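A.B. asks: Let me give you the structure first, and then I'll get to my questions.
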Amino acid sequence: MTTISPQRAEISSLPRGTGTRATRIIGIATIVMIAWLALFGLVLSPADRDQGDSVRIMYVHVPSVWLAYLAFIVTAVCSAIHLFGKRHSLGVDRIAGASAEIGVVFMAVTLATGMLWGRITWGVYWQWDARLTTTALLFVSYIGYLAVRGLDGTQQQRARRSAVIGLLVVLEIPLVHWSVRLWRSLHQEATVLGTDLDVSLDGLMLFSLFVGVIAFTLLFLWLVLHRSRTLTMIDLVGDRELDRAVIARRAEGGIDHA
Amino acid sequence: MALSDGPDLTPSPPSVGGRRPRRRIMPMVVLALVLVSGGVIITQALSTAVDYYCNVDEVGVRSGCDEGRRLRLQGTVAEGSVVTGTAATMFDIEFNGESVPVEYEGEPGGIFRECLPVVVHGVFDQSTGLFLGDRVEVKHSEEYVAVNDERLTEAEAMACQPSA
């Protein structure tokens, strides 16, 4: 019988990627829910009286914007934990960064699907009404957040700067959400999350939308776990390169660091 | 090794032929682009005002909805009023009991039909009182109704419903 030395056992047990048991379970659940979404969104749910089949765009449009809002709120919460926590944890900063990246991608999906729907229903891709304009501003703000994360500086500097911005730009979300109530816009008001409790939505349409929201929430969890682990690895590689550069500099200067 | 005791502050002698510190340009470029596009978005929004449209009954009543200026007019396409000519489409839009005749050059896009609320961009012809539209957008409501909803008869589905 061979015995494995403790060190070897430790090395072989290290994860080879960013996947874990939890992410694999979430991943499978996501695939199952997306299959359900396709079934309900494309087959089982009815066409709309006025919009026809283009109403099906809603089953991607609304869950995407939900995911983006969720991602930006996670970014804000992590930013607050980083800034006001005693440890000033870099771990939560990386979750904030990962979450914002995912949010930006899904904000783009929201804009793209919305423009396609608008072309079919309104007759135009884009108009500078209150909802569309504030949404564009939100999208651009988070691209700015990501740009700030890419600036020169230490990891702590990056975390602090971006946390401040992350807490500021999240304030645009209520503005976007209520823009359709505050001002007259071309975009319709919220159907499900409106202020009146009377939901003017066909039963199967509402259920399809619900499936979409669950599917996209799981997708967000899966993406944010993988991406924040990837960002941790990138930071570790950065640290290692810095160590190496310091050693090289010392060697050039002939300093013995024994 | 002193590495684990925080940053090493001993000055290192100038290196010979060492690499210049890499200045990252991309984030700066992206940041500048973001600021510029943010500015463009805000000015675009202000140039078309924050409220997207005037309702038909507000012409000459509400500030910013004066008859002489270019307007975006919101109303429901009146039942049976749509006349498609060779060059123009004529229809009436109504809101809150008031009605305005519209002449639109061409065929409206989107899901345009009677009984749906629309936003027409254009100006009033001062002599005839006709609203000359150059763009029509269908303003979809937040209501979603299945096409084959058995609770609605065909006639009910096609008739103009009072807007909520």
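Here, each number is a calculation from the coordinates, and none is a lab measurement. Keep in mind it's a predicted model, so treat the numbers as computed, not measured. No Cβ is skipped: glycine too gets one built from the backbone with ideal geometry, and neighbour counts run over all protein chains shown.
A.B. asks: Using 12 Å as the cut-off for backbone N distance, which residues of the range A:154-169 belong to the label zone defined by a point 7 Å from the Cα of A:Ala80 along Cα→Cβ?
C.D. replies: So the set is A:167-168.
A.B. asks: With a 10 Å cut-off between alpha carbons and a GNM built on chain A, which of A:Thr113, A:Thr20, A:Thr134 moves the most?
C.D. replies: The residue that fluctuates most here is A:Thr20.
A.B. asks: Using Cα springs under 10 Å in a Gaussian network model of chain A, which residue among A:Arg21, A:Arg227, A:Arg160 shows the largest mean-square fluctuation?
C.D. replies: Checking each option, the largest mean-square fluctuation is seen for A:Arg21.
A.B. asks: Still on this structure, I have one more. Per residue, what volume in Å³ does the convex hull of the Cα atoms of the range A:116-258 enclose? Provide the component values of the computation, followed by the final result.
C.D. replies: Values: hull volume 24.0 nm³, N = 143.
Cα-based convex hull of the range A:116-258, divided per residue, equals 168 Å³.
A.B. asks: Still on this structure, please answer the following. Have a look at A:Gly97, A:Gly144, A:Gly17 and tell me which one the Gaussian network model of chain A (Cα, springs below 10 Å) gives the largest fluctuation.
C.D. replies: Taking springs between Cα atoms under 10 Å, the residue moving most is A:Gly17.
A.B. asks: Add -39500 (n - 2.57) for each DSSP H run of 4 or more in chain A, then divide by its residues: what number comes out at 222 nm, to the nearest 500 deg cm²/dmol? Don't skip to the end; give the middle numbers.
C.D. replies: Values: 8 runs with 182 residues, N = 258.
Taking each H run of at least 4 residues, the total per residue is -24500 deg cm²/dmol.
A.B. asks: Sort B:Cys115, A:Cys78 so that the residue with the fewest other Cβ atoms within 10 Å of its own Cβ comes first and the one with the most comes last. Write down the numbers at each step before the final one.
C.D. replies: Details: B:Cys115 16, A:Cys78 27.
Lowest count first: B:Cys115, A:Cys78.
A.B. asks: For a Förster distance of 56 Å, can you work out the FRET efficiency between the beta-carbons of B:Glu67 and A:Ile234, rounded to the nearest 0.05?
C.D. replies: On the way: r = 61 Å, r/R0 = 1.10.
The calculated FRET efficiency here is 0.35.
A.B. asks: So, R0 is 35 Å and r is the distance between the beta-carbons of A:Arg181 and A:Arg21; what FRET efficiency does that work out to, to 0.05?
C.D. replies: Values: r = 44 Å, r/R0 = 1.26.
With R0 = 35 Å, the Cβ-Cβ based efficiency is 0.20.
A.B. asks: So, in Å, what gap is there between the alpha-carbon centers of the range A:138-194 and the range A:224-249?
C.D. replies: That distance is 28 Å.
A.B. asks: Continuing with the same structure: Could you give me the radius of gyration and the Dmax of chain A, taking only the C-alpha atoms into account and expressing both in angstrom?
C.D. replies: 23.0, 80
A.B. asks: Relative to the first principal axis of the alpha-carbon coordinates of chain A, what is the inclination of helix A:58-84, with its axis defined by its Cα atoms, in degrees from 0 to 90 and to the nearest 10?
C.D. replies: For A:58-84 against chain A, the angle is about 40 degrees.
A.B. asks: Here's something else I'd like to know. Multiplying the sequence separation of B:Val82 and B:Val36 by 0.36 nm and subtracting their Cα-Cα distance, what value in nm do you get?
C.D. replies: The B:Val82-B:Val36 span can extend by a further 12.2 nm.
A.B. asks: Can you sort A:Lys86, B:Lys139 so the residue with the fewest Cβ neighbours within 10 Å comes first? Don't skip to the end; give the middle numbers.
C.D. replies: Numbers: A:Lys86 5, B:Lys139 22.
In increasing order of surrounding Cβ atoms, one gets A:Lys86, B:Lys139.
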